[in-house]
Amino acid sequence: MDTQTRTQRRSGRAEASSSERFPLSGLLALAMAGFITLLTETLPAGVLPAMARDLDVTISAAGQNVTAYAIGSVIAAFPLMKATAGWPRRRLLLAAIAGFIISNTVTALSSTFVLTLGSRFLAGMVSALIWALLAGYTRRMVAPHRRGRALAIASAGTPVALALGVPAGTFLAQVLDWRISFGLISVLTAVLAIWIRLAIPEFAGQARGERQQLLATLRLPGVLPILATTTAYVLAHSVMYNYIAPFLGPIGLGDRVDALLLTFGALSLLSIWIIGALIDRHLRPLVVASCVLFAVATLALALFAALPMLVFVSAAIWGLASGGVATLLQTAAAEAAGTAVDVVQSLFVTAWNLAIAGGGIVGGILLSTAGSHALPWAALTILIPALVVSIAAHRHGFPGTAGRHAREESV
């Protein structure tokens, strides 16, 4: 019996055992992986001024640290997932975790802008593996009727990072130094590696005959609408979120960035709780509601930026809209994928991070040319296609409850 066969048999036993109980510790470990991934990705948004001063570049240039991370993910997502399709899943996850330790440590110690960009690019590459693995790993750990709830838990690291991680990192940057924030992420990542080794079962990779081709995957019903919605939504979010600090400065809230991000993140936590309770029955209405609420928030930021209270209210609505959107879109993608879940998730990661990279570029150009007041108007314009597609894709992509049940039965 070869090594792959033994791994597949152990994987089958692990899947059967996991589906009989609810593996909360393992799901929370995956949530922690998502927390660290998103914190690494978005922390520069809260420390841009300090990072720019320290690296002797403009704020717009410092914002490209987010872009470099996203480009790394875009370039690496599908090729890395294809190259490692046969690897045991936990081994691959731990390799990605080790990559985060290296990249964040280099970011914390770097004294040059080019080296910092390189470390961010590496972080983006390994994040592509983690995001591509997350949904498939979660779905293999639980019974089918618990998959929505399980993915909501495993995705909870995203709003927690926005609610607590980024504001805490921003606070540390103001009180001490932005480098300390990245150093602490490395320490947390080392702890996470031990947790994953103890709490998460090993699953086999895909046999060669089971691996899906890119074009065949793109032709699966619903995949393209989900990717289109993801791209538009995240691009709109990225235009605003990456440059929230320079947006708040001219309206007299430059010293309240951490408070506003905390407001955003707190409502993001509420969002993930709501979605965790409703996603298995109401995926489509939740996606449409997320787009509508985000549109309302960006319009309010565009019209009422001079009123601090309404800016905070808009941030709260924005957090409520977007806190669980990754869970919603990942769940829709996983259900549309069927057995091609890892390939579709790698495409999902590519679309997500391409949008983040685009947001960094578009936001930087707008900031340098039109000024910060143009950011919410741009975000609102970009968001409209996401709303249109999410409404139109009622048969495939974001079907109602009856359509989802029919698809599950056919799979």
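The values are calculated or read from the model by the stated rules, or taken from the named source; none is laboratory data. Just so it is clear, the structure is predicted and the values come from calculations on it, not from any experiment. In this analysis, Cβ positions are derived from the backbone assuming ideal geometry, glycine residues included, and neighbour counts consider all displayed protein chains. Areas reflect the complete protein model, heavy atoms only, side chains present, ligands, DNA and RNA absent. Shrake-Rupley method; radii C 1.70, N 1.55, O 1.52, S 1.80 Å.
For the peptides 355-367, 143-155, 215-227, what is the packing order when you average, over each peptide's residues, the other Cβ atoms within 10 Å and list the highest mean first? Walk me through the intermediate numbers first.
Values: 355-367: 22.7, 143-155: 21.1, 215-227: 17.4.
Top of the packing list down: 355-367, 143-155, 215-227.
With one equal scatterer per alpha carbon and no solvent term, the Debye-computed log10 I(q)/I(0) for the stretch 78-123 at 0.17, 0.24, 0.27, 0.30 1/Å reads -0.56, -0.81, -0.89, -0.98. What share of Cα pairs, in percent, lie more than 28 angstrom apart in the chain? So the portion of pairs separated by more than 28 Å is 43 percent. Across the chain, Cα pairs under 8 Å and at least six residues apart give a relative contact order of 26 percent. For the chain, the per residue solvent-accessible surface stands at 39 Å², with DNA, RNA and ligands left out and a 1.4 Å probe.
Think of the stretch 135-254 as having a plus end and a minus end, set by charges on the Cβ of Lys, Arg, Asp and Glu; of 181, 157, 168, 157 sits farthest toward the positive end of this dipole. Projection of the Cα convex hull of the stretch 97-254, averaged over all directions and equal to a quarter of that hull's surface, yields 12.8 nm². Element breakdown for the chain at a 1.4 angstrom probe: carbon and sulfur atoms account for 69% of the accessible area.
Give me the Kirkwood hydrodynamic radius of the stretch 176-332 in Å, from all C-alpha pairs, to one decimal place?
Values: mean 1/r = 0.0540 Å⁻¹.
It works out to 18.5 Å.
Starting from the Cα coordinates of the stretch 64-162, work out the convex hull volume and express it per residue in Å³. If you can, show how the numbers build up before the last one.
Working: hull volume 10.3 nm³, N = 99.
Convex hull of Cα atoms, per residue: 104 Å³.
How large is the charge dipole for the chain, taken about the Cα centre, if only the Cβ atoms of Lys, Arg (+1) and Asp, Glu (-1) carry charge, to the nearest 20 debye? Show your work: numbers first, answer last.
Details: 27 positive and 16 negative charges, 251 e Å.
So the magnitude is around 1200 debye.
A simple rule links phi to the HN-Hα coupling: the Karplus curve 6.51 cos²θ - 1.76 cosθ + 1.60 with θ = phi - 60°, which for the stretch 198-205 gives 8, 10, 10, x, 7, 10, 6, x Hz, with x for Gly and Pro.
Given a Förster distance of 60 Å, report the FRET efficiency between residue 370 and residue 21 from their Cβ-Cβ distance, rounded to the nearest 0.05. According to the calculation, E is roughly 0.65.
Selection among 196, 349, 87 by position relative to the dipole of the chain gives 87 as farthest towards the positive end (Cβ unit charges, Cα centre).
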